[in-house]
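Please read the structure below before turning to the comments.
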Amino acid sequence: MEKIKLNSKQYKDKLLGCWYGKNIGGTLGTPYEGQKYVHNLTFYNPVPEKPLPNDDLDFQLVWLKMLEDRGVNLTFKDFTDYWMKYLAKHWYNEYSLCTYNLKRGLMPPVSGAFQNYWVDEMGSPIRSEIWACVAPADPQLAVQMAWMDSSLDHTGGEGRWGEMFWAAAESAAFVIDDPKTLINIGLSMIPISCNISRVISEAVRCYEDGIKWDEARERIATIFGHHQPCNAIPNHGFAIIGLLYGKDFGDRLCKAANCAYDTDCTAATLGSLQGIMHGASAIPKEWMKPVGDLIIPCKQTVTDGLPKTIGELTERTEKVAGKFVSDRSDVTVFGDKTSVPEDILSSLFSNEKVRELLAFDNHCAVENTGDIEVIFHYGGEPVLYPGARKCFEVSLGKRGKTAGSVVELKAPGGWKVSVPAAEEDKWKFDIFAKDVKNQNTVEVVVKNNNKTHRVEFTVLGPEGIKRIPAAMSAPEEGKCL
């Protein structure tokens, strides 16, 4: 297949537009976040003298630092290391549950699923841009990274589908500027049965049927609305309303924010998408001037080594993208001149690798050792009940050569572990124990190509799964197990 060639200068203008747009939209919407009644914004109100702090941007600064430090072939361990170092003070909603689970020894993707009421929230859709920017014009690759990212704190929820949708649309926006085509590319990467897909389709239908934007907003709020203003489902409908009904850059941001709910996130996402579609050079000066070049992090974010300005963020993202595209992309290259194949849509809609991820076990933990990816399948809750036999499974990922591997499982003293039964590249272990502590460690030993690899996983006991009230953050940090 002929590759998509991106002009480096045009790419950088779009990259700069993405980050400026993110800061502009977030600053516009932040004063109204969480309010559910319709607004009437036509510009910033109040007009700021500098950008407002926003976790929408902070998390992506951390992922950029991770890419710089760890390289482009990331593992879940890389994500969790940087989450705990830079983001663990964000102790609220899905972020708190992720950190709480990581502290209990539960690795992604189960860290994003277990006891997490907030999987349908906006915490991961708002951090999609970094993956689009390092994988421009390669939606499938951007979506793969968004899937990994969302596995920290939105596994099995609508928030995951939202991040994957936007990563695809934003990646494609580096070469496509038609909103409906971008929407369809994003939808091609997520389940047709998810509510993110349904609400986006309804917003598009309202636009195509000539329904006025405020009536479309009421329809989305009535049918898909939620008592949590940061629920991802209605907010995706509002973002699409802004994208389709808006007349220009500012009007699109304002229409999304005027729909209410998670206003900083919807406006910030539309700001970045438009920035990619048309470049920083197309952002009106009146929108850019009040925000300027500065990045103002949230007080909960550890900022050591993170970009301090939009200019610095753009330069550093561009450098990482060169390496990422060179090493990871099968469809994109940088060059002196932009050139796209006639069947570019075939490439942008391609989703074969993404479909494999849709079937990935949500109730597992993943660890890497050398070039071996070890997947520990809990078969539901990551819990073993005393006196109840349970089957745990181990499989090996596709990152390394695993043919001919031998897998063993070592459990705490007094636990009985059956001889493994291998079936379709999975090893099944029946485990029985009468004494199960709050936190227990099992060791998986993989013998492969004359090498022995060892990784540990956590199995909780019934006293180690403190029941957490729905719609509440995790217990206070000092009370973690």
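Taking the condition of being among the basic types (Lys, Arg), under 13 Å from Ser201 (Cβ atoms) and in contact (Cβ under 8 Å) with a residue 24 or more places away in the chain, how many residues in the range 213-241 meet it? Give the steps one after another, and end with the answer.
As a first pass, look at the range 213-241 and keep what is among the basic types (Lys, Arg): 217, 219.
Keeping just the survivors that are under 13 Å from Ser201 (Cβ atoms) gives 219.
Going one step further and asking which of them are in contact (Cβ under 8 Å) with a residue 24 or more places away in the chain, we end up with none.
Final tally of qualifying residues: 0.
Residue-by-condition table, conditions (1) touching a residue at least 40 places away in the same chain (Cβ under 8 Å); (2) more than 22 Å from Lys77 (Cβ to Cβ); (3) touching a Phe, Trp or Tyr at 6+ places or on another chain (Cβ under 6 Å):
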site: Val110; (1), (2), (3): yes, no, no
site: Phe114; (1), (2), (3): yes, no, no
site: Val119; (1), (2), (3): yes, no, no
site: Met122; (1), (2), (3): yes, yes, no
site: Ala137; (1), (2), (3): yes, yes, yes
site: Ala146; (1), (2), (3): no, no, yes
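Having 2 or more residues that are crowded, with 17+ Cβ neighbours inside 10 Å is the bar; report the strands (runs of 3 or more DSSP E) wholly within the range 364-453 that clear it.
Details: elements: 364-369, 372-377, 390-396, 406-410, 421-423, 426-432, 439-448.
The strands (runs of 3 or more DSSP E) meeting that bar are 364-369, 372-377, 390-396, 406-410, 426-432, 439-448.
In the range 457-481, what count of residues is obtained for those that are surrounded by 14 or more Cβ atoms within 10 Å (Cβ to Cβ), modelled with pLDDT of 90 or more and not in a helix (DSSP H, G or I)?
10
Hey, can you tell me all the residues within the range 54-67 that are among the acidic types (Asp, Glu) and either in contact with a helix residue (DSSP H, G or I) (Cβ under 6 Å, 6 or more places away or on another chain) or at positive phi (or both)? Can you show your working first?
Pass one, the range 54-67, residues among the acidic types (Asp, Glu): 55-56, 58.
The one that is among the acidic types (Asp, Glu) and either in contact with a helix residue (DSSP H, G or I) (Cβ under 6 Å, 6 or more places away or on another chain) or at positive phi (or both): Asp56.
The rows are residues; the columns are (1) modelled with pLDDT of 95 or more; (2) more than 19 Å from Pro179 (Cβ to Cβ); (3) of a type in the set (Lys, Arg).
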| site | (1), (2), (3) |
| --- | --- |
| Ala239 | yes, no, no |
| Lys247 | yes, no, yes |
| Leu273 | yes, no, no |
| Leu294 | yes, yes, no |
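How about the range 120-143: which of its residues are part of a loop (DSSP other than H, G, I, E, B) and either among the small types (Gly, Ala, Ser) or within 12 Å of Cys265 (Cα to Cα) (or both)? Don't jump to the end; show me each part of the working.
If we filter the range 120-143 for residues that are part of a loop (DSSP other than H, G, I, E, B), which is where we start, we get 122-124, 128, 135-138.
Passing the criteria: Met122, Gly123, Ser124, Ser128, Ala135, Ala137.
For the range 434-446, what are the residues that are free of Cβ contacts under 8 Å to residues at least 60 places away in the same chain and touching a Gly at 6+ places or on another chain (Cβ under 9 Å)?
Listed by number, the residues that qualify are Lys434, Asp435, Val436, Lys437, Asn438, Asn440.
May I ask you to list the residues in the range 305-347 that are under 21 Å from the mean Cα position of the chain (by Cα), closer than 19 Å to Lys22 by Cβ and outside any helix (DSSP H, G or I)?
Leu306, Pro307
The values are calculated or read from the model by the stated rules, or taken from the named source; none is laboratory data. As the structure is a computational prediction, the values presented were derived from the model and not from experiment. No Cβ is skipped: glycine too gets one built from the backbone with ideal geometry, and neighbour counts run over all protein chains shown.
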